[in-house]
Amino acid sequence: MSRLEAKKPSICSREPLTGGRAGASLAALRGLVASCYGPAGRLKQLHNGRGGPVATTSRSAALLAGLPVSHPVLKVLTAAVRSHVACFSDAGLFTAILCCNLVENVQRLGLTPTTVIRLNKHLLSLCTRYLKSEVCACRIPVDFGSTQILLSLVRSILTSKPACMLIAKEIDHISTLILRAFLLTIPENAQEHVILGKSIIVPLKGQRVIDSAVLPGILIEVSEVQLKKILPIKKSDSFKVAVFCVSLSGDLSDTGEGTLLVSYGVSLENAALDQLFNLGKQLVSDHVDLVLCQKVIHPSLKQFLRTHQIIAVDRIGVSLMEPLSKVTGTRPIGSLGSISPSSYGTVKDLCIAKFGCKHFFHLIPNKTTVCSLLLCNRNDTAWDELKLTCQTALHALQLTVKEPYVLLGGGCTETHLVAYIRHKTRNEPESILRDERCSQTELQLVTEAFCSALESLAGSLEHDGGEVLTDGKYGHFWSVQANLPSAVNWPDLPSRCGCGLYSSQEELSWSFLRSARHPFPPQTCLSPEAKGSADTLTLDCFTAKLSGLQVAVETASLILDLSCVIEDTN
C-alpha cells in the first residue's frame, strides 16, 4: 500500500536542557510531585475528558501513568521513576523530586557535564557506603523476634497516603492486619532460602474499615445462587481437590483460520458432553471431594458431580490459580484426558463464610502460606488507594526480609546525609580531588548542589507554610509553625524530630534548613533510644529508598549527559 503523504524527516535537537522549555517542564513536574509528598501531601484527581473513572491519589505510579509527557527529558525521568516503582513499589515521589532537584541545581553551576557526573557519582557512593555501614545513624536493624519496627514501617507507609482516608484507629488496625497477613506467608520451618507464600486482597467496599480481617487460606466469592447449589459440607480430616485451568463448558476451542473436519452423523455437542462425563466418572472413581475450575463448568457436569456428592465451583479466574496451587499442593490440570493421581491436591477444611453482603467459599490449607486479607473501606476511590497501599506495604516487608534494615523517615535521613556529606567533603577532600581530578571549587559547588537537592527534598514534606529546622548534633529534620515571634523559646516548639527518635528537650542547637552553616560531624552510631521508641518512629523501606537514591542520581547524570535528541514525528 502506497503512503498517502511523504514521510517527514526526524527532528534533531541539540542541547535539550539549554532551552527554556526544558527548565519550565522540569519545574512543573517537580512542583506536581513535591506537592504530593508525605502524609500532608495534597491529593490529585485524575480523569480524562471522555469520562470514565476518577481517581483521587498522591501515588507516583498513578500520577506519572496519567501524565501526558512530551519533552524528551521528562520522558527519560518519568520512565526511570516508573521502572523503579514497578520493581520496589515505594519511594517513587522521593526519586522523582530528587532527580528534578539535582538537574535544576546543576544547571545553574556552569560546570561541564562530565565533571558534574563524576562528582555526583562519587557523592552517591559516599552516601551508599555510609547507609550500608555499621556506623550509620539513620539505619535500624530489624529484629524479626519483635513486631515493633515492622509495625512502624507499615504504619508509616499507610500514613504517607492520605487518599486512603483513614483515621489513627483505622491505620493501627490495618497495619496490624497487613503484618499478620505477611507473617502468615512465611513457612513455619523456614530455612536459609525462604520461599514466601502469597497474600490475596479480597474487596469488600462500602463497609467499615475496622471490619477488615485476615483469614488463613483462600476466600472464593460465590453468588447466592451458587451457594444454594453447594452441598452441605461433611467434616473430614482432609478434602481431595481437583483444580482445572481449562474450560469444562464443552465448547469447542477456537480453530482460527483453519478448517474443522467432522465425520457424517457425528454430533460435536454430544461428543464434548461424552468427554466431560468420562472426566466426571474418573473424578468420582478417584474420590474427589471438590472441583475448582478457572473457567466455566457445563451445567450437566455440575449436576452429575452434585449427585455424586462432589462440590463444584467455577468461574474462579486466573488470578487465583497460583494461590490455589500453593494451597492444594498441586498444579492446575490443563487437559480433559485421563488424570494422573498426582494431579490432585488436598485442603484441610472447607466452609462457607459471609462478610457484609457477600458469600465466600473458604479453603483452609494444611500448611498456611497463603492468606486472604479481607479489605474494607467506605467508597470505591478510597478502597482502590488503600488496596495499592497495602500491596506496597506487603512488598516493603518482603524486601525487608532480604535486607533486614529500615531507614529513619520524616526527612531525617536526608538532612542527616546532608550533614555527613558536607563534613566529609570539607574535612577529607584530598582523596576526592585526587581520584576525580577536579578542583576544590568544583568539588564545593557540586557538593552544595547535591546537598541542596536533598534539603529541598526534605523540605517538600512541609506543605502548610511552616519552618523547617535542622539540629547541630544529629542533623535531623524538625518542623515548626510559620511566623513565629522573635522571642520564641526554641526548645518548646518542635516536640520531636521528623522520624520521632529525638526530643527537643535535649540540649540542641537549631538552624533553618538551607541556611548557611558551618559543616559539623553528625553523631554516628544509632542511639540506644531507637530500640526503646521503635513503636513511635516514622520509618522508610531501606531497599526501596536506597534504590530510589541511586536511580535519581543516575537518571540525573543521564539527562545532564544528553547532547542530542532525535525525534520521529511521523
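Given an 8 Å cut-off on Cα distances and at least 6 residues of separation, report the relative contact order of the chain as a percent. The value is 26 percent. In terms of the mean number of neighbouring beta-carbon atoms within 10 Å, the peptides 545-558, 170-183 order highest first as 545-558, 170-183. Accessible surface of the chain, 1.4 Å probe: 52 percent of it comes from carbon and sulfur atoms. With 24 Å as the limit, the listed pairs K132/K387; K348/K402; K348/K387; K44/K75 have K132/K387; K348/K402; K348/K387 beyond it between alpha carbons.
The residues of segment 297-416 expose, per residue, 39 Å² of accessible area to a 1.4 Å probe.
Once the 1.4 Å probe is applied to the protein heavy atoms, segment 53-129 comes out at 38 Å² accessible per residue. Of all DSSP bridge pairs formed entirely within the chain, close to 70 percent run antiparallel.
The values are calculated or read from the model by the stated rules, or taken from the named source; none is laboratory data. Quantities reported herein were computed from a predicted structural model and do not represent experimental measurements. Every residue, glycine as well, gets a Cβ built from its backbone with ideal geometry; the counts of neighbours run over all protein chains shown. Just the protein is used for accessible areas: all its heavy atoms, side chains included, with ligands, DNA and RNA removed. Shrake-Rupley method; radii C 1.70, N 1.55, O 1.52, S 1.80 Å.
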